[in-house]
Amino acid sequence: MSAPAVVLITGGARGIGYAVAERCVARGARVILWDVDAEALRSAARSLGPLAFAQRVDIADAHAVEAAEAALPHAPTHLVNNAGILGRAMAFDAMQAEEIDRALAINLRGTLLVTAAFLRAKAPCDGASILNMSSIAGMNGGAKGHAVYGATKGAMLALTAAMARDLAPELRVNALAPGIIDTEIQTQLFADRAALEATTAGIPQARLGTADEVAEAAEWLLFGAGYVSGETLRVAGGRK
Ligand SMILES: NC(=O)c1ccc[n+]([C@@H]2O[C@H](COP(=O)([O-])OP(=O)(O)OC[C@H]3O[C@@H](n4cnc5c(N)ncnc54)[C@H](O)[C@@H]3O)[C@@H](O)[C@H]2O)c1
C-alpha cells in the first residue's frame, strides 16, 4: 500500500509556498515547511494545524539542509522547490559578485541541495512527484535589472527537464512559471501599490494573480497529472 502524502515545501511559511501548503492540508496530506523565517514559520504552522510541521532551514546552507534532513519528522513523498529570492536590481554594467552569489545560492544551489536531501529521505509512494517553482522570468529574462533572478529561474527549467529524465519512472517532475503574483516578493519589485497595479496594463487578464491560483495548478501537477512530466505550466494571466 502506498504511504499517505507528505509534502516537503521550501519557502512554505508565506506567499505561494504557504498557499500550496494550505491546499495539501485541505486534501489530508502532511506538510513539512522548510523556511528561513522563524516567525513566519511559527505562524504558518499554527494556522495550518496538526498536519503541518515547521523546520527553520536556510536552503543556501548545505549543513543546515543536512541537519534538517536528519531531523525530518516524516519521510516525504512529494517536494515543492519553492523558496526563492528576487535579489537587488543590478544593471549589467554594475553586477555585484556577492549579490549574484546570494541569488544563485538560494534559487539554484538551494534547489539542488534540497532535492538531494529529499531523494535520500523519501518514502516510497505511488504517484510521487517534484514541483519546481520557476517564473515567466525564466523564459523572458525577467524585469529590467533582474537578469540574475531570470537566469536562476531559467536554470530551474533546465533542472526540471533533467530531473524528469533522471528520476523517472519513480517521480514525475514539473515546473510552474507564475507571472505577477500578489505576494511580498512583488512589493520589493514595485515602489508602491500604484506602480504594482499599473503593471496590470501589460497582463491580458488585467489583474495580478493570487497565490492560491498558483497553488491550484501546483496541486494538479503534484497529485493529478499522472502522465505529465518534464513540463512547465505558465500561471500568468496570459502573459508570456
Ligand atoms: N510572486 C510572484 O510574482 C512570483 C512570480 C514567479 C515566480 N515566483 C516564485 O515563487 C516562489 C515563491 O515566491 P513568493 O512570491 O511566495 O515569495 P515570498 O517572498 O512571499 O515567499 C518566499 C518564501 O521563501 C523563503 N525563503 C527565502 N529565502 C530562503 C532560504 N534561503 N531558505 C529557506 N527559505 C527561504 C522566505 O522566507 C519566504 O517565506 C519563489 O521562488 C519566486 O521566485 C513568484
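The values are calculated or read from the model by the stated rules, or taken from the named source; none is laboratory data. As the structure is a prediction and not an experimental result, all values here were calculated from the model. In this analysis, Cβ positions are derived from the backbone assuming ideal geometry, glycine residues included, and neighbour counts consider all displayed protein chains.
Of all residue pairs spaced 6 or more apart or on separate chains, those with beta-carbon atoms under 7 Å, a first member in region 132-151 that is within 12 Å of residue 85 (Cα to Cα) and a second member that is β-branched (Val, Ile, Thr) and more than 10 Å from the ligand (Cβ to nearest atom) are 134/232; 148/100.
Listed by position, the helices (runs of 4 or more DSSP H) contained in region 1-70 that have at least 3 residues being closer than 18 Å to residue 217 by Cα and within 8 Å of the ligand (Cβ to nearest atom) are 15-26.
Each residue in region 68-85 was checked for being touching a residue at least 40 places away in the same chain (Cβ under 8 Å) and surrounded by fewer than 20 Cβ atoms within 10 Å (Cβ to Cβ), and 5 of them qualify.
When you look at residue 45, is it more than 17 Å from the chain's Cα centre (by Cα), loosely packed, with under 13 Cβ neighbours inside 10 Å and of a type in the set (Gly, Ala, Ser), yes or no? Judged against the criteria, residue 45 is not a match.
For residue 130, the conditions (1) within 13 Å of the ligand (Cβ to nearest atom); (2) not in a loop (DSSP other than H, G, I, E, B) all hold with the exception of (1). Out of 185, 181, one residue alone is touching a strand residue (DSSP E or B) at 6+ places or on another chain (Cβ under 6 Å) and near the ligand (Cβ under 8 Å from one of its atoms). It is 181.
Residue 204 falls short on exactly one of the conditions (1) loosely packed, with under 15 Cβ neighbours inside 10 Å; (2) within 14 Å of the ligand (Cβ to nearest atom); (3) at pLDDT 95 or above, and that condition is (2).
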